[in-house]
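See below for the structure under consideration.
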Amino acid sequence: MGKVIVVTSGKGGVGKTTSTAALGAALAQNGEKVVVVDFDVGLRNLDLVMGAERRVVYDIVNVIQGEAKLTQALIRDKRLETLYLLPASQTRDKDNLTPEGVEKVIAALRNAFDWVICDSPAGIERGATLAMRHADIAIVVTNPEVSSVRDSDRIIGLLDSKTLKAENGEVMEKHLLLTRYDPVRAERGDMLKVDDVLDILSIPLLGIIPESMDVLRASNVGSPVTLADSTSAPARAYFEAARRLKGEVLPITIPGEKRSLFGKIFGRKAA
Ligand SMILES: Nc1ncnc2c1ncn2[C@@H]1O[C@H](COP(=O)(O)OP(=O)(O)O)[C@@H](O)[C@H]1O
Ligand SMILES: [Mg+2]
């Protein structure tokens with residue numbers, strides 16, 4: 001049985017789709033069988049970041065509506081044999097995602113893959129709650145700015161109340177992925193520092209992804225950054241985050257600083 005991860009955030013544009021693609025590829029690059037699922041119906045951008053937009057024939061809505069089999073909708077990555085994409089519909093809206101349909105699809109994927117990584121729309125609307133509903137693990141993507149951190153706090157509240165795990169009285173495993181971190185701007189005070197973020201959001205840190213042109217370059221050629229440029233700083237940070245997902249305890253290097261944090265340790269105490 002595979003693990004289901006939701007990649008979620010309060011605010012849009014923080015790096016969820018980028019992170020879904022990069023973490024999915026990083027796990028697959030290490031031999032894990034991975035499917036990345038696009039729950040952002042309407043925007044359909046995970047296929048672009050994965051470089052699979054011209055290969056989309058059927059999508060998750062077709063599968064839920066019984067118009068296609070799951071195996072027909074899954075797209076195997078051209079570069080990695082163990083990486084698959086279940087795309088979102090470009091044309092239908094998220095009302096076509098029924099709770100029963102989503103449950104069936106996730107159950108089937110969980111049986112067939114080691115990791116099912118769901119790229120969620122931002123916010124607290126239906127699409128986001130459907131994407132998180134069946135998750136075992138949540139990755140809360142946050143940028144080092146006040147509005148993003150505040151909205152992440154609300155999402156953490158939802159993860160602890162609206163998911164199946166929460167309803168069953170279980171604890172959802174939650175990780176913070178701090179993305180687009182720019183040490184120069186943090187030092188200048190234009191952005192929050194790592195410690196400030198950890199003070200507010202007391203969930204374990206999965207990684208810190210630096211702000212980098214390498215991410216944009218990878219996205220422009222339709223490749224997760226871990227594949228496009230595996231030695232770049234953001235790729236290395238994603239590879240380490242993927243290893244932490246698998247349970248390894250590795251120190252987290254703060255970009256621009258010499259000291260390290262330990263990801264499994266909470267908040268301030270980690271410094
Ligand atoms: N580490 C990063 N460095 C630079 N740009 C980034 C980084 N992460 C994401 N971006 C850019 O930010 C924008 C939003 O990212 P995206 O992954 O689409 O966010 P979301 O899915 O949360 O809306 C994209 O243009 C993406 O290329
Ligand atoms: Mg997105």
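The values are calculated or read from the model by the stated rules, or taken from the named source; none is laboratory data. Bear in mind that the values here come from a model prediction, so they are computed numbers and not experimental data. Cβ: placed from backbone, ideal geometry, glycine included. Neighbour counts: every protein chain shown.
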- [ ] Looking only at the range 250-259, decide whether some residue is out of contact with any strand residue (DSSP E or B) (no Cβ under 7 Å at 6 or more places or on another chain) and closer than 23 Å to ASP47 by Cα.
- [x] no
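Filter the range 53-63 down to the residues that are surrounded by fewer than 21 Cβ atoms within 10 Å (Cβ to Cβ) and in contact (Cβ under 8 Å) with a residue 12 or more places away in the chain, then identify the one that is nearest to ligand 2 (Cβ to nearest atom).
Among those that are surrounded by fewer than 21 Cβ atoms within 10 Å (Cβ to Cβ) and in contact (Cβ under 8 Å) with a residue 12 or more places away in the chain, it is GLU53.
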Task: Tabulated pairs, the range 13-35, first on the phi < 0 side of the Ramachandran plot and touching a residue at least 60 places away in the same chain (Cβ under 8 Å), second near ligand 2 (Cβ under 8 Å from one of its atoms) and in a helix (DSSP H, G or I), C-beta under 8 angstrom, 6+ apart or interchain - done: THR17/LEU46; THR20/LEU46; ALA21/LEU46
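Tally time: how many residues in the range 79-92 are over 18 Å from PHE113 (Cβ atoms) and either at pLDDT 95 or above or within 16 Å of ligand 2 (Cβ to nearest atom) (or both)? Break it down into steps so the answer makes sense when it comes.
Of the residues in the range 79-92, the ones over 18 Å from PHE113 (Cβ atoms) are 89-92.
Right, trim to either at pLDDT 95 or above or within 16 Å of ligand 2 (Cβ to nearest atom) (or both) and you get 89-90.
Number of matching residues: 2.
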TODO: Just name the residue that is modelled with the lowest pLDDT out of those in the range 212-271 that are farther than 20 Å from GLY24 by Cα and of a type in the set (Gly, Ala, Ser).
DONE: ALA271
Open item on the list: Could you check the range 2-14 and list, in sequence order, the residues that are over 19 Å from LEU83 (Cβ atoms), of a type outside the set (S, T, N, Q) and touching a Lys or Arg at 6+ places or on another chain (Cβ under 8 Å)?
Closed with: GLY10, VAL14
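Against the definition (surrounded by fewer than 21 Cβ atoms within 10 Å (Cβ to Cβ), in contact with a strand residue (DSSP E or B) (Cβ under 7 Å, 6 or more places away or on another chain) and not β-branched (Val, Ile, Thr)), how does ALA233 come out, yes or no?
Details: surrounded by fewer than 21 Cβ atoms within 10 Å (Cβ to Cβ): yes; in contact with a strand residue (DSSP E or B) (Cβ under 7 Å, 6 or more places away or on another chain): yes; not β-branched (Val, Ile, Thr): yes.
Against the criterion (surrounded by fewer than 21 Cβ atoms within 10 Å (Cβ to Cβ), in contact with a strand residue (DSSP E or B) (Cβ under 7 Å, 6 or more places away or on another chain) and not β-branched (Val, Ile, Thr)), ALA233 qualifies.
Show me the helices (runs of 4 or more DSSP H) entirely contained within the range 167-262 in which 2 or more residues are within 21 Å of the chain's Cα centre (by Cα).
Details: elements: 183-188, 194-200, 213-220, 225-228, 233-245.
Helices (runs of 4 or more DSSP H) meeting the threshold: 194-200, 213-220, 225-228, 233-245.
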